[in-house]
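The values are calculated or read from the model by the stated rules, or taken from the named source; none is laboratory data. Quick caveat: nothing in here was measured; it's all calculated off a predicted structure. We place every Cβ from the backbone using ideal geometry, glycine too, and count neighbours over all the protein chains shown.
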2 protein chains.
Amino acid sequence: MPKLQKLKQQRPKQLKPKREKSEIRKDELIEATLECIACEGLQGATVRKVAEYAGVTNGLIRFHFGSKDEMIQVAYQRLLEGIFQSSLTAVADDKSPPRQRLRQFLKANLSPPIVTAKTVVLWANFLPLTYKDKQMAFIRRAANAKTTALFEDLIEAALSSERKIRSDKGFSEQEYRHLAVKLNSLIDGLWLEGSMAENSSYKKELVEIGLDAASDLMAMNLRE
Amino acid sequence: MPKLQKLKQQRPKQLKPKREKSEIRKDELIEATLECIACEGLQGATVRKVAEYAGVTNGLIRFHFGSKDEMIQVAYQRLLEGIFQSSLTAVADDKSPPRQRLRQFLKANLSPPIVTAKTVVLWANFLPLTYKDKQMAFIRRAANAKTTALFEDLIEAALSSERKIRSDKGFSEQEYRHLAVKLNSLIDGLWLEGSMAENSSYKKELVEIGLDAASDLMAMNLRE
DNA sequence: AATTTTATTATGCAGTTGCATAAATTTATG
DNA sequence: CATAAATTTATGCAACTGCATAATAAAATT
């Protein structure tokens, strides 16, 4: 290949970076960060690599974010927010009975897009940071609290709804909390374990097993 | 403090590295690796830092291990082995009834030394590597398979023991497997969530909640 | 159209990283 | 005790890292 051709090229330099509005570019960088971490791992997600994924040069990151650490933080928030939104849309239908809403919530947390290689890999890559960095710990805690609160509400609604029907004995506040912890742990554990199995047959089983276990814990049929 | 003293010191150079037998030194390096990762995170666990933790110079790592990656692998194996041993000693007593053995196993997996800040932090730091590195993935899978097998055995023994007493209906192979998945996920989830809470009151609750949930899942009293 | 503001690149630097290599030191062996 | 083998240090290097800084280019404003 003749080297002369290189001279003839009239600099297609900025194929993408045509100067986006700040917020849009920032968004692209956040997505590029997540994509990069998912593919290369956190160690591989250097400032230059992320910039490459976004199709820009590394200096731009410093312009839109104060530092790499800050960008990582924002990306982590984005990830957790996305997960939360996924389970939130699953229970968007307020008209359906409480038991069904809880069931949908559980199901969503055991299916794509939450149970996805990419999501789990990202989650795993960020996790260690929450043990070293206080701000990252805070982000995790905050997201967790939001999920837990939603979980407790769904559980309480489902239980009191069923109680009316079956005239069961009531539950204390602590029992609601414990129940939320149990279900939450179960979901997290299944999610984590399920991500390791490569065979897709496991994925349908995952929902089945999860709903089955949840039914036992809640003493309530959540299978259908 | 006078600087002269420095000259008077007759080179205490190798306070520690007096030439240990190869296996012992290797062991020290593995422990240093784990300690270093626990304190500094995987990112902070550089060859030099690990050597510093072990009280030797960095070159020594290359001598005992082919590369840093190899050392990390061995350290991961050591971690998982330690966890497995902890839960294994909990069920060492073969004479106790199957239900008690299962209970002890669950309890061990929800108490120190398995539920410890250090253990969880280490586990979390290694986890991302299992998604990038095939060998690390294999190590994780192997350890997981071992734990699962033990879990299944304990469950099956407990169930068939109780079945004799209560003349329950039998269980299929798949039901054993599913039960093991459920309990395993529950334990993992509780362990992970419990590690985030800093208040120690949660730790006693953790065992209580875990045994409570396991009792529901197994339809068998494991609380005492 | 001129100029100011905003976004982007280009370049480089100081610190770190894993690792190679040679020298030094300690232990084992004859 | 001499020599060889095993262990440990010392030194350095090439690649990489995050970030600063100045130069460009594009858009907005006037």
Discussion item. Being under 29 Å from B:GLN174 (Cα atoms), touching a Gly at 6+ places or on another chain (Cβ under 9 Å) and free of Cβ contacts under 8 Å to residues at least 40 places away in the same chain: is that true of A:LEU106 here?
Written reply: no
Worksheet entry | Some residue of region B:59-79 being closer than 18 Å to B:ASP188 by Cα, more than 15 Å from DNA strand C (Cβ to nearest atom) and free of Cβ contacts under 8 Å to residues at least 40 places away in the same chain | no
Fill in: Answer from A:GLY210, A:GLY194 - the residue that is under 20 Å from the mean Cα position of the chain (by Cα), among the small types (Gly, Ala, Ser) and closer than 16 Å to B:LEU190 by Cβ
A:GLY210
Item to complete: Name the single residue, out of those in region A:92-108 being within 21 Å of the chain's Cα centre (by Cα) and modelled with pLDDT of 95 or more, that is nearest to A:GLU31 (Cα to Cα).
Response: A:ALA108
Discussion item. Being surrounded by 21 or more Cβ atoms within 10 Å (Cβ to Cβ) and within 22 Å of B:PRO98 (Cβ to Cβ) is true for just one of B:PHE151, B:PHE126. Which residue is that?
Written reply: B:PHE151
Worksheet item: Which number in (1) within 16 Å of DNA strand C (Cβ to nearest atom); (2) within 14 Å of chain A (Cβ to nearest Cβ) marks the one condition that B:LEU122 misses?
Response: (1)
Worksheet entry | Of the criteria (1) near DNA strand D (Cβ under 9 Å from one of its atoms); (2) away from chain B (no Cβ under 14 Å); (3) charged (D, E, K, R); (4) in contact (Cβ under 8 Å) with a residue 12 or more places away in the chain, which one A:ARG48 fails | (4)
Worksheet, complete the sentence: In the set B:SER111, B:SER86, B:SER67, the lone residue that is modelled with pLDDT of 95 or more, buried (at least 16 other Cβ atoms within 10 Å of the Cβ) and away from chain A (no Cβ under 14 Å) is B:SER86
Discussion item. Take residues that are of a type outside the set (A, V, I, L, M, F, W, C) and under 29 Å from A:MET218 (Cα atoms) and tell me which of the helices (runs of 4 or more DSSP H) falling wholly in region A:15-114 contain 2 or more.
Written reply: A:68-90, A:98-108
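Condition check ((1) within 14 Å of another protein chain (Cβ to nearest Cβ); (2) over 20 Å from A:ALA142 (Cα atoms); (3) surrounded by fewer than 19 Cβ atoms within 10 Å (Cβ to Cβ); (4) within 9 Å of DNA strand D (Cβ to nearest atom)) across all residues:
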| position | (1), (2), (3), (4) |
| --- | --- |
| A:LYS26 | no, yes, yes, no |
| A:GLY41 | yes, yes, yes, no |
| A:GLU52 | no, yes, yes, no |
| A:ARG62 | no, yes, yes, yes |
| A:TYR76 | yes, no, no, no |
Discussion item. Please determine whether any residue of region B:94-107 is within 14 Å of chain A (Cβ to nearest Cβ) and in contact with a helix residue (DSSP H, G or I) (Cβ under 9 Å, 6 or more places away or on another chain).
Written reply: yes
